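Q: Before anything else, here's the structure in question.
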Amino acid sequence: MIDSIKKMFSSSESGGYNDGSKPDISREKSTQLYEKAKQYFPGGVNSPVRAFKSVHGAPLFIEKGDGCRIWDADGNEFIDFCCSWGPLILGHNHEKVRESVTEALQNGLSFGAPTVLENELAELILQNNRYLEKIRFVSSGTEAVMSAIRLARGYTKKDKIIKFEGCYHGHSDSLLVKAGSGLVTFGETSSAGVPKSFADETIVIPLNDKDAIEDAFGQFKDQVAAVIIEGIPANNGLLIQEQEYVEYLRKITTENNALLIFDEVITGFRLGFEGAAAYYDIQPDIITYGKIIGGGMPVGAYGASSDIMSYISPDGGVYQAGTLSGNPIAMAAGIAQLTVLKNGVYKSLNSKTKDFVEALRRFVAAKNYKVKIFSVGSIFWIAFTDQEQIRAASDIDPASMEKYKVMHRELLNRGIYFGPSGYEVGFVSSAHTKTDLEKTKRAIFESLEVVFR
Ligand SMILES: *Cc1c(COP(=O)(O)O)cnc(C)c1O
């Protein structure tokens, strides 16, 4: 009730609906739940990105998902392009994943001892990936990357890590570091609670800049254990790197006896079964996975050659463990999802996404909107810019995020759910049909008309 009165006021304040904007959907229940959640959790959430801080209104509490659709506590229905931030490449509640999990559930939830399901998931991955010989399962992307960094340090007996501005690698201490001032500097912590001495071990440089990495290797000669990059940076907009640049990273790391780590927590099993390694056909030294690998359950993994992996305990001296690592229910979800993927999903998924993205591009070009749609595989990013390419974080104009905020609200009001920040990419799943994408296109067209009115 109160909501609908507020709605009337806010819409009449903004000149009614004749600017093309739609009345807000009801968020009465979500708002109540959020108020409660704020009593329990910092900021009302268990992961900060969920808090809708940079878009309109209270976060929606989701009750269920099926295919490409989700429903919130108020009964609103959405076509979902967040897809749990990437894991749900087959959509929500996929029959095969559900059946596999249900079957595994009958035998108990966890043993803390090996199970055949771990072998099955490992076999499925290793036999279909030219870039890996051995793997270790963990429970999140953060854990996978944190362990990969320790492995790189243990293997090379060096301490420093080079990371790129605009790449996210989870929330472990060494990686919550942002660029300091100057081209090549020690990083500065990007979170309170990270000791400066930790940040001193991480060098942060811009993407797409060969001079910067050359300088970094020059300045920290024989100290760099690894260079870590996202397969395709997709956590701060979609910063697609050129083949030649990634090849250069491979070359300069080899020359300096440093490892090249591909963080494929998003791109793994997304760009194709073999992820960004195959997309570039570049052999990284260590690859990390998360998101899709667990079919919606908490799974991460890191893998490398048998030689590098032999440094991990109990074979080697790099310690890494996990009570719930290789959890049978999570393995069952991963096995089901990756089996479907291996049997062929990418071709139609990627071409469906391409058609969708090209239609959006034609629309914004015809309208002369300052909007670009960047895309690779089934990932897309709508950027409010007129730059033809955005390859580095500093090329993104923070002021453009205001436009995203307006679009996000309009899209929700038209039944389309995007990630709650303009820095987030969208994911198309195999469950999005042509009809769903048609509906989405129309909603985006209308929403952009409101943004630019
Ligand atoms: C999501 C993500 C992580 C962190 O994974 P969590 O499962 O959230 O810990 C790490 N690296 C990349 C590239 C990611 O996208």
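Q: Within the stretch 313-325, track down each residue that is within 16 Å of the ligand (Cβ to nearest atom) and either among the hydrophobic types (A, V, I, L, M, F, W, C) or touching a helix residue (DSSP H, G or I) at 6+ places or on another chain (Cβ under 6 Å) (or both).
A: If the condition is that a residue be within 16 Å of the ligand (Cβ to nearest atom) and either among the hydrophobic types (A, V, I, L, M, F, W, C) or touching a helix residue (DSSP H, G or I) at 6+ places or on another chain (Cβ under 6 Å) (or both), then 320, 324 are the ones that fit.
Q: Does residue 304 satisfy being among the small types (Gly, Ala, Ser), closer than 28 Å to residue 23 by Cα and buried (at least 19 other Cβ atoms within 10 Å of the Cβ)?
A: no
Q: Run down 254, 288 and say which single residue is under 21 Å from residue 202 (Cα atoms), in the same structural domain as residue 102 (by TED's automatic domain parsing) and touching a residue at least 40 places away in the same chain (Cβ under 8 Å).
A: 288
Q: Scan the stretch 371-383 residue by residue and report those that are free of Cβ contacts under 8 Å to residues at least 40 places away in the same chain and either among the charged types (D, E, K, R) or assigned to a loop (DSSP other than H, G, I, E, B) (or both).
A: 372
Q: Quick check on residue 139: is it under 11 Å from residue 331 (Cα atoms), buried (at least 21 other Cβ atoms within 10 Å of the Cβ) and modelled with pLDDT of 95 or more?
A: Criteria met by residue 139.
Q: So if I check each of 65, 57, 75, which one is buried (at least 16 other Cβ atoms within 10 Å of the Cβ) and not in a strand (DSSP E or B)?
A: When all the criteria are applied, what remains is 57.
Q: Further question: Checking residue 108 against (1) outside any loop (DSSP other than H, G, I, E, B); (2) over 25 Å from residue 308 (Cβ atoms), which test does it fail?
A: It is condition (1) that residue 108 fails.
Q: OK, next. Tally time: how many residues in the stretch 419-453 are aromatic (Phe, Trp, Tyr) and closer than 24 Å to residue 240 by Cα?
A: Total meeting the criteria: 2.
Q: Could you count how many residues in the stretch 355-370 are part of a loop (DSSP other than H, G, I, E, B) and of a type outside the set (Ser, Thr, Tyr)?
A: Summing the residues that are part of a loop (DSSP other than H, G, I, E, B) and of a type outside the set (Ser, Thr, Tyr) in the stretch 355-370 gives 2.
Q: Kindly list the number of the only condition in (1) within 16 Å of the ligand (Cβ to nearest atom); (2) buried (at least 20 other Cβ atoms within 10 Å of the Cβ); (3) modelled with pLDDT under 95 that fails for residue 191.
A: Among (1) within 16 Å of the ligand (Cβ to nearest atom); (2) buried (at least 20 other Cβ atoms within 10 Å of the Cβ); (3) modelled with pLDDT under 95, residue 191 violates only (2).
Q: Before we move on, is residue 49 surrounded by fewer than 19 Cβ atoms within 10 Å (Cβ to Cβ) and within 16 Å of the ligand (Cβ to nearest atom)?
A: yes
Q: Name every residue in the stretch 228-270 that is over 16 Å from residue 217 (Cα atoms), away from the ligand (no atom under 16 Å from the Cβ) and part of a loop (DSSP other than H, G, I, E, B), in order of residue number.
A: 242, the sole residue that qualifies.
Q: Can you tell me how many residues within the stretch 124-158 are part of a helix (DSSP H, G or I), of a type outside the set (A, V, I, L, M, F, W, C) and away from the ligand (no atom under 16 Å from the Cβ)?
A: Looking only at that region, the number is 4.
Q: Any idea which of 133, 165 is of a type outside the set (S, T, N, Q), in contact (Cβ under 8 Å) with a residue 40 or more places away in the chain, in contact with a helix residue (DSSP H, G or I) (Cβ under 9 Å, 6 or more places away or on another chain) and closer than 21 Å to residue 342 by Cβ?
A: Just one listed residue meets the conditions, 133.
Q: Return the residues of the stretch 280-312 that are away from the ligand (no atom under 12 Å from the Cβ) and of a type in the set (Phe, Trp, Tyr); say none if nothing qualifies.
A: 280, 311
Q: Name the residues in the stretch 16-54 that are among the aromatic types (Phe, Trp, Tyr), in a helix (DSSP H, G or I) and within 25 Å of the chain's Cα centre (by Cα), would you?
A: 34
Q: For residue 411, all conditions in the list (1) touching a Pro at 6+ places or on another chain (Cβ under 8 Å); (2) over 27 Å from residue 229 (Cβ atoms) hold save one; what is the number of the exception?
A: (1)
Q: Got a number for residues in the stretch 271-301 being part of a helix (DSSP H, G or I) and buried (at least 23 other Cβ atoms within 10 Å of the Cβ)?
A: Residues that pass the stated criteria total 6.
Q: So residue 128 clears everything in (1) more than 22 Å from residue 314 (Cβ to Cβ); (2) surrounded by 19 or more Cβ atoms within 10 Å (Cβ to Cβ); (3) within 23 Å of the chain's Cα centre (by Cα) except one condition, right? Which one?
A: (2)
Q: What's the total number of residues in the stretch 104-122 that are surrounded by 12 or more Cβ atoms within 10 Å (Cβ to Cβ) and of a type outside the set (S, T, N, Q)?
A: Counting residues in the stretch 104-122 that are surrounded by 12 or more Cβ atoms within 10 Å (Cβ to Cβ) and of a type outside the set (S, T, N, Q) gives 7.
The values are calculated or read from the model by the stated rules, or taken from the named source; none is laboratory data. It should be emphasised that the depicted structure is a prediction, and the values quoted were computed from it without experimental measurement. Glycine gets a Cβ as well: all are built from the backbone with ideal geometry, and neighbour counts include every protein chain shown.
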